[in-house]
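Student: Let me give you the structure first, and then I'll get to my questions.
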Amino acid sequence: MTALDLRRKIGQLMVFGFKGITASDEIKDLIRDYHVGGIILFGRNIGTPKEILELTTELQQEAKNSGHELPLLICTDQENGVVRRLGDGTTVFPGAMLLGATKNPDYAYHIGVATGKELKALGINWNLAPVLDVNNNPLNPVIGVRSYGESANHVSDFGKAAMKGLQDAGIITTLKHFPGHGDTELDSHLDLPVIAHDMKRLQEIELKPFVECINEGADTVMSAHVYFPTIEKNPGVPATLSRAVITGLLREQLSFDGVVTTDCLEMNAISKTIGTAQGAVQAIKAGVDLIMISHLHNLQKDAFEEIVKAVESGEIEEKLIDEALARVTKLKQKYLSWSETGIMRSNDGVPKVVGSKEHQQQALEVFRQGITIVKNNEGILPLSKAPNHRVFVIYPENSAIKLVEDLRYSYYALGELIKEIHPAADTLLTPNPVSDEQIFEIIEQAADYDTVVVGTLTALPGSQQVKLIEGLYNKGKKIVVIAMRSPYDLRFLPDIQGYIATYEFTYPALQMAVKALYGEEEVKGELPVTIIDQT
């Protein structure tokens with residue numbers, strides 16, 4: 001094998017990101033000179049649908065001109081809900097926990113098909129979804145509403161349906177985050193979480209959705225940057241870098257013969273421990289096929305060169321590279337062809353399926369079936385729209401957004417949506433967190449109102465959001481809370497009269513919740529997670 005052949009092979013095992021809504025010189029260089037075979041797109045790469053299609057076409061053209069035998073894998077995190085990358089001009093589809101609240105996996109299938117059609121129409125051929133983490137820890141800072149619920153069976157059913165839907169639309173799917181990120185209280189973007197359950201428990205809960213989806217024909221599996229001491233005996237080695245997890249458990253025990261990809265190796269659980277470049281080497285040695293480095297060009301090059309060096313020195317067996325390449329090639333051959341990349345088609349513009357009325361209506365019905373009225377004590381709902389019914393709406397800026405979420409979609413819509421239905425309502429957008437002084441002023445301001453509607457965004461015990469609601473409650477106010485992200489907020493609140501869970505802060509989710517608030521829509525969701533206080 002020549003040095004050039006080796007570099008081309010290794011390039012096909014890389015998934016790299018870049019900045020900008022047009023192909024940067026750096027990413028073109030990596031496609032051309034390093035033969036990089038995979039690209040990841042984030043919000044920073046997403047313009048209008050026309051611009052997305054132009055970008056993916058430009059990337060594929062670069063690959064074809066550079067002699068790539070097969071098209072690029074182009075992926076993104078279109079989980080829907082709080083983690084979505086596509087923007088204006090595309091359909092806002094409901095996310096996992098809202099789907100889980102419908103209690104009907106058929107909705108997950110149909111939303112999967114529709115999501116896949118829009119992705120494919122824009123030249124994106126690989127979705128980093130569905131999330132199969134079982135969210136059995138209410139304090140999980142990174143999964144939460146990205147999960148279908150707290151039951152392994154529930155997550156299995158919805159995960160399989162979503163996977164099948166995406167596949168039927170011609171999209172490569174990803175089961176994540178193997179072997180499970182649901183029962184953690186740390187975010188692996190920031191630190192290394194540990195899940196110390198024994199094997200029996202892991203098989204019954206964490207692994208069950210992965211096993212069921214693998215048996216139904218999974219395409220790719222993404223590893224978690226989480227340490228599982230029951231499986232990996234070397235202290236502090238995350239699943240991504242663990243041969244016991246990737247080869248021993250996933251390949252040998254669970255018989256998965258598809259493609260395994262890392263999560264981004266720039267996350268702190270890797271970059272602040274072993275380092276991104278060495279992490280890439282160890283991941284390949286563990287049995288991973290695709291190395292994902294989403295941001296920094298220098299780290300992408302460093303990781304590539306470290307893998308080349310490790311193969312040339314014998315640290316990585318050449319056979320591992322060949323086996324990984326064979327799996328990646330097989331996946332590409334199944335799903336990709338140059339005729340479908342756009343560069344071989346006439347330039348007809350963005351297909352009409354993107355953001356179509358049909359998809360919007362389909363999504364709307366799922367929002368109706370998923371938004372959940374958790375509490376309606378004393379018949380507080382629906383609220384009266386009468387001009388003399390004084391309603392005060394208090395809601396926070398969406399500034400406490402998670403790293404994986406996209407700041408572009410942190411809508412401040414609750415107040416304006418309520419005023420559309422009830423123009424006499426008064427609204428107040430507060431900082432997040434709100435100060436003690438502001439809490440005092442808000443409570444004083446609320447004194448003359450009949451009902452106070454409060455929007456929350458993952459209210460934690462002792463937080464300023466909770467302190468504000470407690471203060472209003474202690475003044476005897478009638479309170480309805482709209483939980484705009486986490487349904488678990490109720491666990492930390494006083495005995496308020498009304499509580500609606502939207503599971504996400506997307507515009508149509510909030511719009512449906514507000515219509516339910518005033519009785520203009522009948523929503524039918526049921527909580528897919530346990531909340532202690534449901535009285």
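The values are calculated or read from the model by the stated rules, or taken from the named source; none is laboratory data. Every value quoted in this text rests on a predicted model; they were computed, and no experiment measured them. Methodologically, a virtual Cβ is constructed for each residue, glycine included, from the backbone with ideal geometry; neighbour enumeration extends over all protein chains shown.
Student: Return yes or no: is residue 502 in the same structural domain as residue 392 (by TED's automatic domain parsing), at pLDDT 95 or above and of a type in the set (Ser, Thr, Tyr)?
Tutor: Yes.
Student: Provide a single number: the residues in the stretch 414-437 that are part of a strand (DSSP E or B) and among the charged types (D, E, K, R).
Tutor: Of the residues in the stretch 414-437, 1 are part of a strand (DSSP E or B) and among the charged types (D, E, K, R).
Student: Of all residues in the stretch 276-294 being within 24 Å of the chain's Cα centre (by Cα) and not in a loop (DSSP other than H, G, I, E, B), which is nearest to residue 19 (Cα to Cα)?
Tutor: Among those that are within 24 Å of the chain's Cα centre (by Cα) and not in a loop (DSSP other than H, G, I, E, B), it is 293.
Student: Now, a different point. Given the structure, is residue 69 more than 12 Å from residue 12 (Cβ to Cβ) and of a type in the set (Asp, Glu)?
Tutor: no
Student: How many residues are farther than 29 Å from residue 148 by Cα and either among the aromatic types (Phe, Trp, Tyr) or outside any loop (DSSP other than H, G, I, E, B) (or both) when one looks only at the stretch 457-494?
Tutor: So the count comes out to 8.
Residues are listed down the side, and each one gets a yes or a no for (1) within 16 Å of residue 425 (Cα to Cα); (2) over 23 Å from the mean Cα position of the chain (by Cα):
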residue	(1), (2)
444	no, yes
447	yes, yes
464	no, yes
484	no, no
495	no, yes
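Student: Identify the residue in the stretch 97-113 that is among the aliphatic types (A, V, I, L, M) and surrounded by 24 or more Cβ atoms within 10 Å (Cβ to Cβ) and, among all such residues, is farthest from the chain's Cα centre (by Cα).
Tutor: Filtering first and then ranking leaves 101.
Student: Follow-up question, since we're still on this one. Take the residues in the stretch 381-394 that are crowded, with 17+ Cβ neighbours inside 10 Å and either at pLDDT below 95 or more than 22 Å from residue 521 (Cβ to Cβ) (or both); name whichever of them is nearest to the chain's Cα centre (by Cα).
Tutor: Checking each candidate, the answer is 394.
Student: Restricting to the stretch 306-336, name every residue that is outside any helix (DSSP H, G or I) and surrounded by 13 or more Cβ atoms within 10 Å (Cβ to Cβ).
Tutor: Scanning the stretch 306-336 gives 315, 316, 317, 336.
Student: What are the residues in the stretch 482-533 that are among the charged types (D, E, K, R) and surrounded by 22 or more Cβ atoms within 10 Å (Cβ to Cβ), if any?
Tutor: Of everything in the stretch 482-533, those that are among the charged types (D, E, K, R) and surrounded by 22 or more Cβ atoms within 10 Å (Cβ to Cβ) turn out to be 485, 489, 504.
Student: Could you say whether any residue in the stretch 54-71 is at pLDDT 95 or above, outside the structural domain of residue 174 (by TED's automatic domain parsing) and farther than 28 Å from residue 330 by Cα?
Tutor: No, the stretch 54-71 contains no residue that is at pLDDT 95 or above, outside the structural domain of residue 174 (by TED's automatic domain parsing) and farther than 28 Å from residue 330 by Cα.
Student: Considering every residue within the stretch 261-275, establish whether at least one is more than 25 Å from the chain's Cα centre (by Cα) and not in a strand (DSSP E or B).
Tutor: Yes: one or more hits.
Student: Here is a further query. Quick check: is even one residue across the stretch 520-532 in the same structural domain as residue 445 (by TED's automatic domain parsing), within 24 Å of the chain's Cα centre (by Cα), modelled with pLDDT of 95 or more and not acidic (Asp, Glu)?
Tutor: no
Student: Taking residue 378, is it at pLDDT below 95, closer than 30 Å to residue 484 by Cα and part of a helix (DSSP H, G or I)?
Tutor: yes
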